[in-house]
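Contents: one structure, followed by commentary.
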There are 4 protein chains.
Amino acid sequence: MIVEMKTGASKAEVDGVVQKAKSQGLGVQLNVGTDKTVVALLGSNTGQLPTDMFAVLPGVESVTRIMKPYKLASREFKPADSRVSCGGVEIGGERIVIIAGPCAVESKEQLMEAAMAVKKSGASILRGGAFKPRTSPFSFQGLQKAGLELLAQAREQIGIPVVTEVVDPHDVELVSSYADMLQVGSRNMQNFALLTNVGKSRCPVVLKRGFACTITEWLTAADYLLAEGNDQVILCERGIRTFEDSVRFSLDISAIPVVKKSSHLPVIVDPSHAAGHYSLVPAIAKAAVAAGADGLLIEVHPNPKEALVDGLQSLTLANFTSLMAELKPIAQSVGRYI
Amino acid sequence: MIVEMKTGASKAEVDGVVQKAKSQGLGVQLNVGTDKTVVALLGSNTGQLPTDMFAVLPGVESVTRIMKPYKLASREFKPADSRVSCGGVEIGGERIVIIAGPCAVESKEQLMEAAMAVKKSGASILRGGAFKPRTSPFSFQGLQKAGLELLAQAREQIGIPVVTEVVDPHDVELVSSYADMLQVGSRNMQNFALLTNVGKSRCPVVLKRGFACTITEWLTAADYLLAEGNDQVILCERGIRTFEDSVRFSLDISAIPVVKKSSHLPVIVDPSHAAGHYSLVPAIAKAAVAAGADGLLIEVHPNPKEALVDGLQSLTLANFTSLMAELKPIAQSVGRYI
Amino acid sequence: MIVEMKTGASKAEVDGVVQKAKSQGLGVQLNVGTDKTVVALLGSNTGQLPTDMFAVLPGVESVTRIMKPYKLASREFKPADSRVSCGGVEIGGERIVIIAGPCAVESKEQLMEAAMAVKKSGASILRGGAFKPRTSPFSFQGLQKAGLELLAQAREQIGIPVVTEVVDPHDVELVSSYADMLQVGSRNMQNFALLTNVGKSRCPVVLKRGFACTITEWLTAADYLLAEGNDQVILCERGIRTFEDSVRFSLDISAIPVVKKSSHLPVIVDPSHAAGHYSLVPAIAKAAVAAGADGLLIEVHPNPKEALVDGLQSLTLANFTSLMAELKPIAQSVGRYI
Amino acid sequence: MIVEMKTGASKAEVDGVVQKAKSQGLGVQLNVGTDKTVVALLGSNTGQLPTDMFAVLPGVESVTRIMKPYKLASREFKPADSRVSCGGVEIGGERIVIIAGPCAVESKEQLMEAAMAVKKSGASILRGGAFKPRTSPFSFQGLQKAGLELLAQAREQIGIPVVTEVVDPHDVELVSSYADMLQVGSRNMQNFALLTNVGKSRCPVVLKRGFACTITEWLTAADYLLAEGNDQVILCERGIRTFEDSVRFSLDISAIPVVKKSSHLPVIVDPSHAAGHYSLVPAIAKAAVAAGADGLLIEVHPNPKEALVDGLQSLTLANFTSLMAELKPIAQSVGRYI
C-alpha cells in the first residue's frame, strides 16, 4: 500500500502514518521525493486492510492499494487452474462445456422438450429458472418449488445434470437438494448473506458477475464462497451496463483473458442475457469461445414466441443446433473441443 | 406500447402482432407509414407487459414502451406527495430531515457520543449499521445483534429514532423489533426476496438506489415494497457508478427533480457514500438541499481516524456542526427549514 | 416518431401537435388510449427531424424516435455490403484484412523494420501515426510531416499501402497526398469540421468509434463522410469507456453483429487500444475474428521497451507472428481467410 | 510513480527498472516486501512521464502514477484562485456570473430579444452559437459568419459581452475578432489542434468538459491552453454520459468541489445541456450555485417552440427571470451574490 503525503506535510504527520502502520504489524519504507514524501507499507495482508485507515490521517493526500483485495480466488494464491465437477461434467478442462435451456421452467412439456433437444445437440448441462428475480413485482416470478421438481424429473428422465438459481439465503438447502449446481444471479453478486450460505453448502456454483461490478469486486465476491470452504466455483460473465443502447448489456469480452490472468477459477459466458436479442447470440458465443471461455450458458426455448420470460433472447431448438455446429470448429482452432 | 414492423413486413406478420395484442385484451391501432408499419397497442397495463412478447414475433423490428413499468410508486397513480413517519419524525414535508451517525455501530461509547452530538446539532434521526454488507469476507462485518441492542439503548437514552440496515430477508422481523426504520442498501435494491419481506413488515424503510440502476428500475423496486402494502417508503440517492475516478460514486443530482416529477415518494440524499471523502461532503449536501431533497443521510463519527468502516467519508462532530449551520440558510432560501 | 401526450392533455394540445406535424409535411395518426393519447407521425425523413420540435409543445409527455437518425450508412439505404479499396487491398470481402504497425512513426529504422516484419507475417496494410493526438501537451506529438515522408518511403520500398491519422481539417489534403487511407481517431469522431473535409477528399478512411459514443452516433458520424460523397468508409471498434479498470477501454464485441445488422459498411477492430496491454491483445483479436470483423488494426513495434508511445499495448514482431498463425484457423472456421 | 514487480521477479528485472529510471534522471527507492518488490520513482516530472515506459519492462506487474498528469492547471502549481475577465466581467470572484442566451443564433430579432431580456434579468454575458457542431449532417449547422455579425451587433446595441463556440482551429482568429470569449465544446475537449490554436490566441475561453472525460483529462486538456500562454481559462461542467436515461447527460455535481480542490481555474456549470429538458434546469442550477460554482451557462430562448436547436432545454424569458430570483438567495446563503 502506498501512502502519498501532501506537499509540505510535516514530520509529525509522516510519523503518524508510520506509527499507524507499525501498529498493524506492517513494514514501512519512506521515499522522500523532491516534492512529496511517499510511504510504502509492506506486509502480506495489505490487500485486505482498508485504505481509509491511512487516508483519514492528517497530511495524507492519497492511498493506493498495490495488492488486490481478493485472496483465495487469485492465481497467486493457487497457480494451477481449478476444475469444477457438476454431476460428472468437468468445467475448466480441455472441453468447453455448454449449458443450455430455457430462462424459466414453465411446464413439464416445455422443459422436457428443451432438455432433450439441447442434450441431443451437445449440451452437457441443463439450465432452467425456478425462482426468477424480476425487476417488477407484477411479472411472472417462476414456478418456485414446482419448478425444482420438474428440473429433478428432467435430470432423471433425460440424464443430464441441472443448474438453477437460488435467490434467498434460506433456500440454499432446498435448491441444492434438487439441483447439481446453484446459480447466483447478477443482481445478487454482492448479496453477502446469500454468498455465505452458498459457500457453506459446498454445492457447485455459477457466480454471475454483477452487471456493474468490476472484475476485482467479482473475484472478491468469489472469496466469500471460497472462504466458507466451497471450492466448486465457476465465474460467469454476462454483460455489463454501459451507455450503449443497442444491446441489453455490453458483453465484456476482455474479462475472459483478465480473469484467466488473475484467477484460477473457470470462467464461462452467458451471451443471451448480454445481447438481449437472439440474433446477436451466435456472434457473441463464437467470440467467447475464441477468447478462451471454459463454457457457455445459452438460453434455448422450444417456442420463444410463447416464453413467459426473456423470449427475445432465446434461441429456438433449430438455431441452437446450428450454433453448436458453428462453435465446434472454433473450439478446435483454439485447441479445445465441445 | 409501440411495435415497429420491419420494412417490407408482410400482412401476415402485422396480423400476428394484432392477434397477440388482442389475446392480451389490448386495443390496437395501425399506422401505415411510407416506409414502415407501426402498431400502437393501447391499454392501461401496457407498462407491466413484457415487450419481448411482441419483439419476438416475426417481422417485428423494435418494441418501445410508452408507459412506465412502475405503477404504485408513480405520481400518476398517486398525485399528492407521500409523507413517511419514523418514530414521530415526518419525512416529505416542509422540514428537511437530517439523519446522521456512524457508518457502523462499533461500541457503546462511540454510538452514544455520536448520537448525543448529532442530536444536539439538529439531526432528527440516528443512523448506524449493525449488519454491514462488505465487499470482502475478510472485512469487519458489523456487531450484528449486539449492534441492534446498542441502537435501541441509544434511542432510549438519547431520545432519537434510529434507522439501520437489514441484509437478510429472514432478519426483517428481528431488525424491525429494534429499529424505527429499516434501510435497504444499494447492493440489495434488486434483492427481491428482501424487498418482499420488508414490504410485508410495514416498517418504514429507506430504499437506497442501486449504484448502477436507472431511476425507472429504482421506482419499480419501490413497487415491490408498495405492492406488499408498505406505504412508508423513502428513496435515497447515494451516487451512481460512472467512469469518473475522483469520487467513489458520482452523485446523480438530477435524480432529485426527476423523482419529484415521476413519483410521490420522498427522496433523500446520502452525500457520504457518493463522495467517499469527507472534504467533498459539504458541497454535495448543500447541492442536494438546493435541488429539493427531503432529507440527508450523513456519516458522522466521533473519531474518524479510528473508525472500523468508511472513516474517510465520515465527518467529525465539529465538521457536522459547521455543516448544519451552513445548510440552514440554504434550506430557507428554497422555502424550507431544517 | 411517436408523441405521447400527458394524461389529461386537452384537445387543443393534441391539435397543436397535429398542426406542427402537418406543417412539416408529416402524416398523422391519433391513438386514443384509455389513459393517454399517442400521436404517430409518419414520413420518410422522421429520423432526421429533431424530436425537440414536438417535445417542447404543451401537453407533450415524451417523444420517441422510431426511425434511426442515420440514413446513408444504414443497411436500409443500401442493403448490400460495401467494400473499400485501400491501395489495391479490398476490405469488406471474404478476406479478413490485417493492418499492423507501430503506434507512432519514430524513425526510419523503426518503421522499416516493423513494415517488413508485419508484411512478412501476413499483414496487408501498414499503420503508423505521424500526427499524434496526446492527452497532455508535454507528451511526444509525433514526427508530423517527417513522419508522413517516412510512411511514403515505407510504402515504396516495402510495397505495402499505408494508413495514418489526420487530426486537423486543414491537413487532409497534405496527409492524403502521402497515405493510401486516412484514419479519424476516437477523440475526433464528432469533430465535424474534420469529417466534412475528409468526406470531400474522397480518400478511403477508417472512422474510429468515439470511446463514449453509441453505435447510432457512430453511424450518424459516418453520414457526414458519406454525405460529402466519400463512400470509402471503414468503421473501427476500439473499445468504449466503462467503469471496468483492468483494461484501458472495454472492447464492445457486440458492436460487430450490431453494425453488420444496421449498416452496409465494413467494420474492423483495434484490440490494442482497447486492451492497453499486449498480453490481452491475442484473446480480443481472436474474439473479433470469430464475431465477424472484416479486419484488425494491431499495434506492433520492433522494440516495445523503447517505444515513444503506447509501448505497453504493442506486440513484439515475434508475438505478432504467433498471433497471425493463431488467427488463421479461426478465420477459416467462420468461412473466411487471412 | 510506483512500479510493482511480479511475485518472484528476478534481481535482473528489478535492476532493469532501476536503470531505466536513472536514465530518465529519476531517483529510485527499493521496497522489498514479503511477497513483492516495489520500486518508488522520485522526481518532479513523474506526472508527465508515460507509465508505459516502465510497465513494458520484464518482471513488472503494474505501474501506478502518484503525481497527476496535469501541471499548469493544478492548484499545486498556482495555489491562488485564478480570475478571468470577459469584456469587463470578472469570473472567479465573489460574484456568480450568469451567461445566458439561445443555443443557436437564428435571426436578428431572436438574438436581440433574448439579449435584452437576459441582461434585464441579471445575466452579465450573452451566449449564442454561430458554428453549431451537430451529430447529423442533415441538421441545421448554424448561421456561421452571419451569426458572428449578429452577435457583434448585439454586443454593441445591448452593451453585453458575448461568448460563442469555435469548432475549427483555423477559425479561431475569425471568431475571436467578433466575440469577447470563445467556447470549446464538449466534443472538442480533446481536439488538440483546436486547443493549441485557442491557446495561442490568448482570448478568454470556456473549456467544456468532454462528456466522457475524467476531471484529470479535463485539467490536462486545460494544460494545452495554458501551455500556449493563455491564462484566461474557465472550466464548464455540462454533464457526463452514464447509463441513466431520464436525462441527456448526468450533471456531475461533485466535479465542482473536486475542481476547486485540484485546480486554480474558475468552474461554471451548464445545467441546460445536462438536463436536456427545461423543467429540470432550475433544480440543477440551484444545486450548482450551492455547491460552489463560479457561474452558470443557461439556454434561454424567446420562443422555445420555434427554436431551431435544443428548444426543449431552453428556458422561456419568463422562466429565466423566475430562476434568477430564486438563485439570488441561494448565492447569498453561500456567501456570494449574483
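Other chains' Cβ within 10 Å of D:274-283 residues: what's the mean?
5
Enter the Cα centre distance for the pair the stretch D:153-186 and the stretch A:48-126, rounded to the nearest angstrom.
Computed from Cα coordinates, the inter-centre distance equals 56 Å.
Give me the mean projected area, in nm² to one decimal, of the convex hull enclosing the Cα positions of chain B.
19.4 nm²
Put a point 7 Å out from Cα along the line to Cβ at D:K200; what are the distances to that point in the other copies, in nm, shortest first?
Its label point is 2.0, 7.1, 7.3 nm from the equivalent points in the other copies.
Rounded, prolate or oblate: pick one for the stretch D:113-203, where a ≥ b ≥ c are the square roots of the eigenvalues of its C-alpha gyration tensor, a/c under 1.5 means rounded, and failing that, prolate if a/b is larger than b/c, else oblate.
prolate
Rounded to the nearest 500, what is chain A's calculated 222 nm mean residue ellipticity when only DSSP H runs of at least 4 contribute -39500 (n - 2.57) each, over all residues?
Mean residue ellipticity, 222 nm, calculated: -10000 deg cm²/dmol.
Relative contact order, percent, of chain B when contacts are C-alpha pairs under 8 Å separated by at least 6 residues?
Worked out over chain B, it gives 16 percent.
Suppose we keep just the alpha-carbon trace of the protein assembly as shown; what are its Rg and Dmax in angstrom?
Rg then Dmax for the protein assembly as shown, in Å: 30.2, 88.
If you take all C-alpha pairs in the stretch A:231-331, what percent of them are over 16 Å apart?
It works out to 56 percent of all Cα pairs.
Using only Cα atoms, find the angle between the long axis of helix A:317-333 and the longest principal axis of chain A, and express it within 0 to 90 degrees, rounded to the nearest 10.
50 degrees
Compute the angle between helix B:192-201 and the longest alpha-carbon principal axis of chain B, please, reported from 0 to 90 degrees and rounded to the nearest 10.
So the helix axis and the longest Cα principal axis differ by about 70 degrees.
Using the 7 Å Cα-to-Cβ label point, sort the distances from D:S107 to its equivalents in the other copies shortest first and give them in nm to one decimal.
6.5, 6.5, 7.5
Fewest first, what order do D:S254, C:S186, D:S314 take by the number of other Cβ atoms within 10 Å?
C:S186, D:S314, D:S254
Please provide three numbers in whole Å: the alpha-carbon extents of the stretch D:187-293 along the principal axes, with the largest listed first.
On the principal axes, the stretch D:187-293 reaches 39, 24, 21 Å in Cα extent.
If I build a Gaussian network model for chain C, linking alpha-carbon pairs within less than 10 angstrom, which residue out of C:G129, C:G33, C:G159 has the largest mean-square fluctuation?
C:G33
Mind checking which of B:K68, B:K260, B:K36 has the largest fluctuation in a GNM of chain B, springs on alpha carbons under 10 Å?
Among B:K68, B:K260, B:K36, the largest GNM mean-square fluctuation belongs to B:K36.
Loop-only check: which GluC sites (Glu not before Pro) in the stretch B:20-119 are DSSP coil with at most 10 other Cβ within 10 angstrom?
Passing both the DSSP loop test and the Cβ count: B:E94.
Once the label point is placed 7 Å from Cα along Cβ, list for A:F77 the distances to the corresponding points in the other copies, in nm, shortest first.
Sorted ascending, the copy-to-copy spacings read 4.3, 4.4, 5.4 nm.
In degrees between 0 and 90, to the nearest 10, how far off the longest principal axis of chain A does helix A:281-291 point, with axes built from Cα atoms?
That works out to roughly 50 degrees.
Stokes-Einstein diffusion coefficient for the stretch D:121-262 at 4 °C in a medium of 1.567 mPa s, Rh from the Kirkwood formula over Cα pairs: what value in µm²/s?
It comes out at roughly 82 µm²/s.
Counting only other residues whose beta carbon sits under 9 Å from that of B:I253, what net charge do I get with K and R as +1, D and E as -1?
So the environment of B:I253 carries a net charge of -3.
Which stretch or stretches of the stretch A:142-171 have amide N atoms under 14 Å from the point lying 7 Å from B:K200's Cα along the Cα→Cβ direction?
From the stretch A:142-171, the list is A:168-171.
Using the crude model of +1 on Lys and Arg Cβ and -1 on Asp and Glu Cβ, and no other charge, please compute the dipole size for chain C relative to its Cα centre, in debye to 20.
460 debye
Averaging over every viewing direction, what projected area does the convex hull of the Cα atoms of the stretch C:71-148 cover, in nm²?
So the mean shadow area of the Cα hull is 7.7 nm².
According to the square roots a ≥ b ≥ c of the eigenvalues of the Cα gyration tensor, what is the shape class of the stretch D:1-124, taking rounded for a/c under 1.5, prolate for a/b larger than b/c otherwise, and oblate for the remainder?
prolate
Other chains near D:42-53: what is the mean number of their Cβ atoms within 10 Å of each residue's Cβ?
5
Taking chain C as a Gaussian network, where each spring joins two C-alpha atoms under 10 Å apart, which residue of C:K261, C:K11, C:K286 fluctuates the most?
Of the options given, C:K11 has the highest mean-square fluctuation.
Report the net charge of residues surrounding B:G185, where surrounding means a beta-carbon distance below 14 angstrom and charges are Lys +1, Arg +1, Asp -1, Glu -1.
+1
Assigning unit charges at the beta carbon (Lys, Arg +1; Asp, Glu -1) and nothing else, what dipole magnitude in debye, to the nearest 20, does the stretch D:292-338 show about its Cα centre?
About 180 debye.
Work out which chymotrypsin sites (Phe, Trp or Tyr not before Pro) in chain D are exposed loop sites (DSSP not H, G, I, E or B, at most 16 other Cβ within 10 Å) and give the longest gap free of them.
Counting only loop sites that pass the neighbour cut-off, the longest clear stretch is D:141-338.
Every read-out reported here was derived from the displayed coordinates using simple, explicitly stated rules and does not represent laboratory data. Please read these numbers as outputs of a predicted model, since none were measured by experiment. Note that each Cβ is placed from the backbone with ideal geometry, even for glycine, and that neighbours are counted across all protein chains shown.
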